[in-house]
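A.B. asks: This is the structure I have questions about; it appears just below.
Values in this text are rule-based calculations from the coordinates and carry no lab data. Computed from a predicted structure; not experimentally measured. Here the Cβ positions follow ideal geometry from the backbone for every residue, glycine too, while neighbour counts run over all protein chains shown.
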Amino acid sequence: MATELYPLRFKPVYKDYLWGGQEIVRKYHRDLPPGVYAESWEVTDRFDGMGVISNGPFAGTTFRALIQRFGQELMGAKATTPSFPLLIKLIDAREKLSVQVHPDDESARKFGGEAKTEMWYVLAAQPGSALYCGLKPGVNRAALELALQTHQVEGLLNRIPVQAGDAVYVPGGRVHAIDAGCLIFEVQQNSNTTYRVYDWDRLGLDGKARPLHITEALRVINWNDAGAAKVQPAQVIAQGGTQVERLLSSPYFRIERFTLADPCTCRGDGGSFRVFFVLSGTVQATSGDHTEILTAGTTCLIPAAVPECLLDPVDGPATLLRVTLP
């Protein structure tokens, strides 16, 4: 059965939230009609946006059906859930996203909802753009409640100026928002539970304010959160024309950045799938007799049972992100 699996690509699932724009389509030359493309769910096993395989013998098959057929051969021995453990997406913030928070594992068990820890990798950012991540030191529940009443929430948030290549960690319980002008690659737990704290006093497409979830948010905010938000890359491999930097290793996912000037064989041990997203350049990915040409903005999943995949940069160096289970 394992020999049936090969590098998988997906039809993106697009979301047209009111703050989105056209950058995903423009930057990655996607052949789509004009419209709002706020998010592109690249690897998704959710009924509110199910991924469908777009290449090879399984083209047209839903990701859920493939997971049910192959299980850990696809996801890896480290996977502990029957569904895919992560949701991987692109986010185009033409306008600011709402100030929000997600539950962590503990608060999700206590109050309901799906736990959601995430990481943002900045693909592009307009000058002056930022990410909001965490409350400033000393901000407590009373201070936030007062700021909500007086519409002064922004002053309580850590504002982090960013540029392409920066990465920010957002554990469950940390208040956050994405500023206008940011294009983001996001890796998160497979969750869609979001508690909107503040929406910058804007109106929705229907002319009404979007609902807030103040009660739920105040219950799940981690008021003792003092962790660093911005990620500091650590080099783990520098050999020949290959450089690998570890961006983050969390309890839910590991993210690395590959810079390739020469072919690189990426081997697996059966513990985890490997998801690659091409940041720049073009890569030929070959496993057995199956080859995929991956251009910038392309996502590809190597199943756990595929023992190795040759990554060969085409026409010059290439940079990729790799996402695995930790």
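A.B. asks: Evaluate the Kirkwood expression for the hydrodynamic radius of the chain, namely the inverse of the mean inverse distance over all pairs of different C-alpha atoms, and round to one decimal in Å.
C.D. replies: After inverting the mean inverse Cα-Cα distance, the result is 20.5 Å.
A.B. asks: Moving on to the next point. Once the Cα gyration tensor of segment 66-105 is diagonalised, what are the square roots of 5 times its eigenvalues, in whole Å and ordered largest first, as equivalent ellipsoid semi-axes?
C.D. replies: Each semi-axis is √(5λ); the values are 31, 14, 7 Å.
A.B. asks: Please compute the contact order of the chain in relative form: average sequence separation of alpha-carbon pairs under 8 Å and at least six residues apart, divided by the residue count, as a percent.
C.D. replies: After rounding, I find 19 percent.
A.B. asks: With no solvent and one equal point scatterer per Cα, compute the Debye intensity ratio I(q)/I(0) for segment 50-171 at 0.09, 0.18, 0.22 Å⁻¹ and report its log10, rounded to two decimals.
C.D. replies: With one equal scatterer per Cα and no solvent, log10 I(q)/I(0) is -0.41, -1.14, -1.32.
A.B. asks: Per DSSP H run of at least 4 residues, take -39500 (n - 2.57); add these up for the chain, divide by its residues and hand me the 222 nm value, nearest 500 deg cm²/dmol.
C.D. replies: -3000 deg cm²/dmol, from helical runs alone.
A.B. asks: Only loop residues by DSSP count here, and only those with at most 16 other Cβ atoms within 10 Å; note down the chymotrypsin sites (Phe, Trp or Tyr not before Pro) in segment 39-92 that meet that.
C.D. replies: Counting only loop positions with at most 16 other Cβ atoms within 10 Å, the chymotrypsin sites (Phe, Trp or Tyr not before Pro) in segment 39-92 are Phe47.
A.B. asks: Running Debye on segment 178-233 with equal point scatterers at the Cα sites and no solvent, what base-10 log of I(q)/I(0) appears at q = 0.14, 0.23, 0.26 Å⁻¹?
C.D. replies: One equal scatterer on each Cα of segment 178-233 leads to -0.63, -1.30, -1.27.
A.B. asks: Need the C-alpha centroid separation for segment 80-99 versus segment 292-306, integer Å.
C.D. replies: A separation of 19 Å, based on Cα centres.
A.B. asks: Using a Gaussian network model of the chain with C-alpha springs under 10 Å, which one of Leu294, Leu18, Leu183 is most mobile by mean-square fluctuation?
C.D. replies: Leu18
A.B. asks: How large are Rg and Dmax for segment 1-116 when only the alpha carbon atoms are used, in Å?
C.D. replies: For segment 1-116, the Cα radius of gyration and maximum Cα-Cα distance read 16.5, 46 Å.
A.B. asks: Would you please state which residues of segment 134-163 a label at Ile214 would reach in this model, taking the label point 7 Å out along Cα→Cβ and a backbone N cut-off of under 18 Å?
C.D. replies: Label zone hits: 140-157.
A.B. asks: Could you work out the equivalent-ellipsoid semi-axes for segment 234-324, taking the square root of 5 times each eigenvalue of the Cα gyration tensor, largest first, in whole Å?
C.D. replies: Three semi-axes, in Å: 18, 16, 12.
A.B. asks: Please count, across the chain, the pairs of lysine residues with Cα atoms under 24 Å apart that sit 8 or more places apart or on different chains.
C.D. replies: Summing the qualifying lysine pairs gives 21.
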